[in-house]
Amino acid sequence: MKLIILTGLSGAGKTAALNVLEDMGYFTMDNIPCKIAGFFIDNVETQLKDMDINRVGLGIDIRSIHNTKEFLDFLNKINLMKINYTLIFLEATNEKILNRYNLTRRKHPLEMTTLLESIELEREIMADIKEKANIVIDSSSLKPKHLAEKIRKVAHLDDGEDINIHIQSFGFKYGIPVDIDLLFDVRILPNPYYIDDLKEKTGCDKEVYDYVMSFPISKEYYEKLIDMVMFLIPHYIGDGKKHFSIGIGCSGGKHRSVTFANKLKEDLAGNVHEAKVYISHREEEMDNWN
């Protein structure tokens, strides 16, 4: 049985993510208490197989977690059962969550004096669970269709790989992604934005790629970057890490960062056989390329 557990902050998109899994053929359950989830997994795995159900998605969040120890005990239980699972933690900035609650007019599960206090308390409570997540997704800047694409990518990751590597390009002018483990700043490289023939193109275009990589500083920087990444991957695998997120940023997230991200993805996919490598360009998803 393949199990995906969706958790995170209220208002970060868990319900939408569960709907995506359901559309992919997962048997899904939302707002299930940890103790019941443990009983469910322990007692129905055989029955689910008999029903030809081998993919399950569980939504477990602050509504059904009395304390973090209860949730961690549940994870220990399924680890002992040797069930293949992925824990996805969804989060967003306080500002985005506030806006979403104001739009839907729903109340927060933690009823503190103010909505902001509720959000901050939940973030504090869920911090230990976030540390256990295989994958953290920041939905702050994602439209629903782009969140759905990320969930589908995660769900399709090859279970046989030792580690999943997510390479993400972004623009510093729009903020740094919170869901990255390692960040590289390529703003020191010559900027195609100031070349009239390249300004409207992106790092996915050969002309921009060739321009960025034509400079000695670009080649030297990239050699050092990939050397660092290749050094870290086996150590992360040895430490039991299942997901490794690399952020590459330039000013606008359109030219230099995209060039480096695409090259890194191509080189890692061809040389690191124990890893599943996938890529996203944040500013494309946010329509900031236009």
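Results for (1) surrounded by 14 or more Cβ atoms within 10 Å (Cβ to Cβ); (2) out of contact with any Leu (no Cβ under 8 Å at 6 or more places or on another chain); (3) among the acidic types (Asp, Glu); (4) over 27 Å from CYS250 (Cα atoms), shown as yes or no for each residue.
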| position | (1), (2), (3), (4) |
| --- | --- |
| ARG63 | no, yes, no, yes |
| LEU75 | yes, no, no, yes |
| LEU87 | yes, no, no, yes |
| ALA92 | yes, no, no, no |
| THR114 | no, yes, no, yes |
| SER139 | yes, no, no, no |
| ILE165 | yes, no, no, no |
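Matching residues to (1) touching a strand residue (DSSP E or B) at 6+ places or on another chain (Cβ under 9 Å); (2) closer than 16 Å to HIS243 by Cβ; (3) part of a strand (DSSP E or B):
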| position | (1), (2), (3) |
| --- | --- |
| GLU149 | yes, no, no |
| LYS153 | yes, yes, no |
| ILE167 | yes, yes, yes |
| ILE176 | yes, no, no |
| ILE188 | no, no, no |
| ASP197 | no, no, no |
| GLY203 | yes, no, no |
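Checking ILE233 against (1) touching a residue at least 12 places away in the same chain (Cβ under 8 Å); (2) of a type outside the set (D, E, K, R); (3) in contact with a strand residue (DSSP E or B) (Cβ under 6 Å, 6 or more places away or on another chain); (4) farther than 25 Å from TYR174 by Cβ: exactly one of these is not met. Which one?
Going through the list (1) touching a residue at least 12 places away in the same chain (Cβ under 8 Å); (2) of a type outside the set (D, E, K, R); (3) in contact with a strand residue (DSSP E or B) (Cβ under 6 Å, 6 or more places away or on another chain); (4) farther than 25 Å from TYR174 by Cβ, ILE233 breaks only (3).
Cβ contacts < 9 Å: first residue more than 11 Å from ASN191 (Cα to Cα) and open to solvent by less than 30 Å² (accessible area, probe 1.4 Å), restricted to region 243-269; second residue among the acidic types (Asp, Glu) and modelled with pLDDT of 95 or more, any location; separation 6+ or different chain. Result?
ILE248/ASP185; GLY249/ASP185
For region 9-24, what are the residues that are without any contact (Cβ under 8 Å) to a residue 40 or more places away in the chain and out of contact with any strand residue (DSSP E or B) (no Cβ under 6 Å at 6 or more places or on another chain)?
Applying the first criterion (without any contact (Cβ under 8 Å) to a residue 40 or more places away in the chain) to region 9-24 yields 19, 22-23.
Listed by number, the residues that qualify are ASN19, ASP23.
Looking at region 141-163 only, could you name the residues that are open to solvent by less than 20 Å² (accessible area, probe 1.4 Å), among the hydrophobic types (A, V, I, L, M, F, W, C) and within 19 Å of THR7 (Cα to Cα)?
Across region 141-163, the qualifying residues are LEU147, ALA148, ILE151, VAL154, ALA155, LEU157.
Output the residues belonging to region 78-97 that are of a type outside the set (Asp, Glu) and either under 12 Å from the mean Cα position of the chain (by Cα) or in a helix (DSSP H, G or I) (or both).
Taking region 78-97 as the starting set, the residues that turn out to be of a type outside the set (Asp, Glu) are 78-90, 92-94, 96-97.
Result: ILE78, ASN79, LEU80, THR86, LEU87, ILE88, PHE89, LEU90, ALA92, ASN94, LYS96, ILE97.
The values are calculated or read from the model by the stated rules, or taken from the named source; none is laboratory data. Note that the coordinates shown come from a computational prediction; the quantities given were computed from them, not determined experimentally. Glycine also receives a Cβ, built like all others from the backbone with ideal geometry; neighbour counts cover every protein chain displayed. Side chains are part of the model used for accessible areas, which takes the heavy atoms of the whole protein and leaves out ligands, DNA and RNA. Shrake-Rupley method; radii C 1.70, N 1.55, O 1.52, S 1.80 Å.
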